[in-house]
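Comments concern the structure below.
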Ligand code: CA
């Protein structure tokens, strides 16, 4: 899942981005409100973490413009002070949730997970596809009761597939949601990662959950191929 982090304070941005990447999210950083709106217009983010106090356009303005333009992207707003007015303004401007600085990183992760789950039928932190179980909290993956060790990137890729079960995902879409803006679309990295992941998930199992749709992409599904 790909996140846009909008934070003008370099050390805070760096620390948050690093922490989020360690949790398998693809993260881009925008340093002011106008840059944020531009990035959101170009890339298909799954979530925006938006600081309120920003140069050029503040977080409230950014959020209002997004909602006015019809965007329903989940927004987690970071308010600088524990001021009730800020929270109300944040929610009024169309933010889905807010967190007051300073906050616990674990709390931020919990809010992020909750917002990414929004709208999904399964309101659980577990994603289940046949006998494959993905715990989005601990990032643990099991198939038929056995633990599967994945790298951070492999996990990020698997979670994206599992959140889009039965849907064929093309490489452009995968790149957009699992990698950040530095991804080279002409590389074969996606193919390499998908092959590695499907070996770890499917080898030794009769039911192959990953399938290739020639010319279209890949799909994670428990339906048999026709
Ligand atoms: Ca700020």
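Filter segment 32-49 for residues that are farther than 23 Å from residue 113 by Cα and within 16 Å of the ligand (Cβ to nearest atom) and give the result.
32, 33, 34, 35
Would you please name the residue that is surrounded by the most Cβ atoms within 10 Å (Cβ to Cβ), looking only at residues in segment 1-28 that are free of Cβ contacts under 8 Å to residues at least 60 places away in the same chain and within 11 Å of the ligand (Cβ to nearest atom)?
6
Please go through segment 169-221 and give me each residue that is more than 22 Å from the chain's Cα centre (by Cα) and either closer than 19 Å to residue 42 by Cα or not assigned by TED's automatic domain parsing to the domain that holds residue 152 (or both), ordered by number.
186
For segment 155-185, what are the residues that are out of contact with any strand residue (DSSP E or B) (no Cβ under 9 Å at 6 or more places or on another chain) and either within 15 Å of residue 201 (Cβ to Cβ) or touching a residue at least 24 places away in the same chain (Cβ under 8 Å) (or both)?
157 - this is the single residue of segment 155-185 that is out of contact with any strand residue (DSSP E or B) (no Cβ under 9 Å at 6 or more places or on another chain) and either within 15 Å of residue 201 (Cβ to Cβ) or touching a residue at least 24 places away in the same chain (Cβ under 8 Å) (or both).
Give segment 50-85 a look and list any residue that's under 20 Å from residue 109 (Cβ atoms) and more than 12 Å from the ligand (Cβ to nearest atom), or say none.
Those that are under 20 Å from residue 109 (Cβ atoms) and more than 12 Å from the ligand (Cβ to nearest atom): 73, 74, 75, 76.
Taking the stated definitions as given, is residue 34 out of contact with any strand residue (DSSP E or B) (no Cβ under 9 Å at 6 or more places or on another chain), crowded, with 17+ Cβ neighbours inside 10 Å and within 27 Å of residue 179 (Cβ to Cβ)?
The answer is no for residue 34.
The values are calculated or read from the model by the stated rules, or taken from the named source; none is laboratory data. Every value quoted in this text rests on a predicted model; they were computed, and no experiment measured them. Backbone-built Cβ (ideal geometry, glycine too); neighbour counts: all protein chains shown.
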